[in-house]
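Let me begin by presenting the structure, written as structure tokens, before commenting on it.
The values are calculated or read from the model by the stated rules, or taken from the named source; none is laboratory data. Computed from a predicted structure; not experimentally measured. Cβ placement follows ideal geometry from the backbone for every residue including glycine, while neighbour counts extend to all protein chains displayed. For accessibility, only protein heavy atoms count, side chains too; no ligands or nucleic acids. Shrake-Rupley method; radii C 1.70, N 1.55, O 1.52, S 1.80 Å.
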Amino acid sequence: MEQVRADGFDEFAAARWSTLLHVARLLTAGDRQRAEDLVQEALVKLWFAWPKIADQAPEAYVRTVLVRLAARSARRRWWGERPVEQLPDRAGPVDVSSAVAERSRLEGALAQLSPKQRAAVVLRYYEDLPEAQVAQALGCPVGTARSHASRGVARLRQILSDAVRPVT
């Protein structure tokens, strides 16, 4: 049974890890640790469903699981982190400031959207999914998914334009 389940799963997980992590980071508004947790939890759920969906659409399945986990995670007040006395060592400085600043600006703007709007915008415009697949991942009608995406983009435009307005 384990061999049947493992056929193709390892390759799928290795090939899609980076993309799934990036989508999860956008869904969590840039929180890398929460994003990694979401991807790991989504892949665990995929592992158990793998024999049933391996030949169908594992990408859509894991994306739907990821969106639902992100929505559930956004409603939690506490994720299980515990403070420690000393921070771990950090890597040396590398000058990637403009890319980091732009990514941080976008992640900050995404953080101000509701979880449904954030998920709709990320899936529709970053993942370039059709509206029907976005609706399926969100578990809502196509019109509702379209509305979430539209309102999310309008809100992003407002947030990002407010951030670059010159002070007079």
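In segment 25-39 there is at least one residue matching the filter, namely being in contact with a Lys or Arg (Cβ under 9 Å, 6 or more places away or on another chain), touching a residue at least 24 places away in the same chain (Cβ under 8 Å) and surrounded by fewer than 19 Cβ atoms within 10 Å (Cβ to Cβ). For residue 166, the test of being open to solvent by 50 Å² or more (accessible area, probe 1.4 Å), closer than 30 Å to residue 9 by Cα, modelled with pLDDT under 90 and not acidic (Asp, Glu) is failed. Inside segment 40-56, residues that are at pLDDT 85 or above, surrounded by fewer than 19 Cβ atoms within 10 Å (Cβ to Cβ) and farther than 15 Å from residue 69 by Cβ make up a count of 5. Scanning segment 108-132 for residues that are open to solvent by 20 Å² or more (accessible area, probe 1.4 Å) and over 16 Å from residue 20 (Cα atoms) yields 108, 111, 112, 114, 115, 116, 117, 130, 131, 132.
Scanning segment 66-93 for residues that are hydrophobic (A, V, I, L, M, F, W, C) and either over 18 Å from residue 22 (Cα atoms) or at pLDDT below 65 (or both) yields 78, 79, 84, 87, 91.
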